[in-house]
Amino acid sequence: MFVVQMFATTTTRSIDSLEQELLACQADKTRLVFRQVELLRQLDVAQVAAADGCRTMIDWVASRLDVSRPVAKDLLVVARAQNSQVDRWLESGEIGLERAVALIRLHNTGAREELITASLGLDLSGLWRLVTSREKLSSEDEARAFSDRFLVMQPSLDESWWKLWGGLPAADGQIVEKALLARAEEFPRLEGEDRSQRMADALTSLALDSLTGGSEEASGREVVVAEVLVDAQLAAATSGEAGVVLSSGPKVGPNVLSEILCTGQIRVIVSDQGGNRVDYSDLGEAIPPAIRTLIWARDQGVCTVDGCSSRYRLQPHHLVPRSQGGSHHPSNLTLLCWFHHHIVIHGLGFRLDPDSPPQRRRFIRQPHPRGPPK
């Protein structure tokens, strides 16, 4: 029998006894939830929310019980349903709050008592699948779901980070998910990378295609023109980690600045502490079209990273960065796909080993816990 020693004492308990106590605690918890449901029924009838100046009863419950709105809503669903069978299961501790809500919704689909009882043998995921398969979806429901669609993009105060969230009706959501998954599967996998990061990269990639037409060869030869505003005193004190912003507003750091220098033209405007212009540079020279064509032909129109054969958004990359005096000479350039150029090098901070073979470039230095693709 498995035993567990507790608090470095001689007291030991079996795994079975610990599990039984855990289940007993959960049963006690659900019985308390049922008591909350009973009290909420009376308070709901008394319209306590209006008396206390709350907009809805959900707001009142969330405030008084210090729970999230979804939990408050679930409590009220059970309280207002007054389903005697669900009440008995909840009071006895046999089911939890989420299952109680699912069973009420299953009952509202017209399910017979036999089906409701049999559903206790399903896990929560299976129960919700059963519920959704039986619930009706009218044209009005579909219209409401469509009208509720939204996407919000919120930048941080310095615009160095963007938060996205939203909602889509079923068919549109599935389209977006499939498109992002399909694009994500085209990229090499990074060690330790999770699904959400790959989906984020895929979204950026698809948006970039939309802006440039998505042509592989044409997009690989695009030139980006940017103006960078530099606070001379602050930038000097922080080695460029502060005091550098794009003219359009967002703050950038060394990695983004390096990518702008690598991919296109740039004008630098330097100011003093009072915001007065001190000096500015002419537009830096982008890689000449003839050199781009030469690099494209020399590297056979594919990414030169070892093991990568991608042709997606190919871009010449400077082995010695321009910020360190690197030139546009062909010997200092190699062709990289968007993933390895934008994400691995300029995003994660890796660099190519200049001594690796020209058609089998490898990464060196690993300042980030996520390793380069293998």
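Table: residues versus (1) at pLDDT 85 or above; (2) buried (at least 17 other Cβ atoms within 10 Å of the Cβ); (3) over 26 Å from the mean Cα position of the chain (by Cα); (4) more than 15 Å from R292 (Cβ to Cβ).
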{"site": "Q324", "(1), (2), (3), (4)": "no, no, yes, yes"}
{"site": "L336", "(1), (2), (3), (4)": "yes, yes, no, no"}
{"site": "H341", "(1), (2), (3), (4)": "yes, yes, no, no"}
{"site": "G349", "(1), (2), (3), (4)": "no, no, no, yes"}
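Scanning region 167-183 for residues that are surrounded by 12 or more Cβ atoms within 10 Å (Cβ to Cβ) and either under 30 Å from L246 (Cβ atoms) or modelled with pLDDT of 90 or more (or both) turns up G167, V176, E177, A179, L180, L181, R183. Of all residues in region 76-87, those satisfying the criterion of being in contact with a helix residue (DSSP H, G or I) (Cβ under 9 Å, 6 or more places away or on another chain) and part of a helix (DSSP H, G or I) are L76, V77, V78, A79, R80, A81, Q85, V86, D87. Once region 98-152 is narrowed to residues that are basic (K, R), part of a helix (DSSP H, G or I) and closer than 27 Å to W165 by Cβ, the residue that is most open to solvent (accessible area, probe 1.4 Å) is R129. Is there a residue being more than 25 Å from E94 (Cα to Cα), modelled with pLDDT under 95 and touching a helix residue (DSSP H, G or I) at 6+ places or on another chain (Cβ under 8 Å) anywhere in region 27-40? For region 27-40, residues more than 25 Å from E94 (Cα to Cα), modelled with pLDDT under 95 and touching a helix residue (DSSP H, G or I) at 6+ places or on another chain (Cβ under 8 Å): absent.
Contact map, region 140-161: residues that are within 30 Å of G347 (Cα to Cα) paired with residues that are in a loop (DSSP other than H, G, I, E, B) and open to solvent by 100 Å² or more (accessible area, probe 1.4 Å), Cβ distance under 9 Å, separation 6+ or inter-chain. Pairs shown: P155/W161. Of everything in region 87-96 that is out of contact with any Lys or Arg (no Cβ under 9 Å at 6 or more places or on another chain) and more than 19 Å from V45 (Cβ to Cβ), the residue that is least open to solvent (accessible area, probe 1.4 Å) is I95. The set of residues in region 44-70 being surrounded by fewer than 16 Cβ atoms within 10 Å (Cβ to Cβ) and aliphatic (A, V, I, L, M) consists of V45, A46, A50, A51, L65, V67.
Do we find a residue being at pLDDT 70 or above, outside any strand (DSSP E or B), surrounded by 11 or more Cβ atoms within 10 Å (Cβ to Cβ) and touching a Gly at 6+ places or on another chain (Cβ under 7 Å) anywhere in region 207-220? No: zero hits.
For region 354-365, what are the residues that are modelled with pLDDT of 85 or more and under 31 Å from the mean Cα position of the chain (by Cα)? If the condition is that a residue be modelled with pLDDT of 85 or more and under 31 Å from the mean Cα position of the chain (by Cα), then R361, R362, F363 are the ones that fit.
The values are calculated or read from the model by the stated rules, or taken from the named source; none is laboratory data. If you're wondering where the values come from, they're calculated on a predicted model, not measured in any experiment. Virtual Cβ from ideal backbone geometry, glycine too; neighbours counted across all protein chains shown. When the accessible area is computed, the model is the full protein with side chains, heavy atoms only, and any ligands, DNA or RNA have been set aside. Shrake-Rupley method; radii C 1.70, N 1.55, O 1.52, S 1.80 Å.
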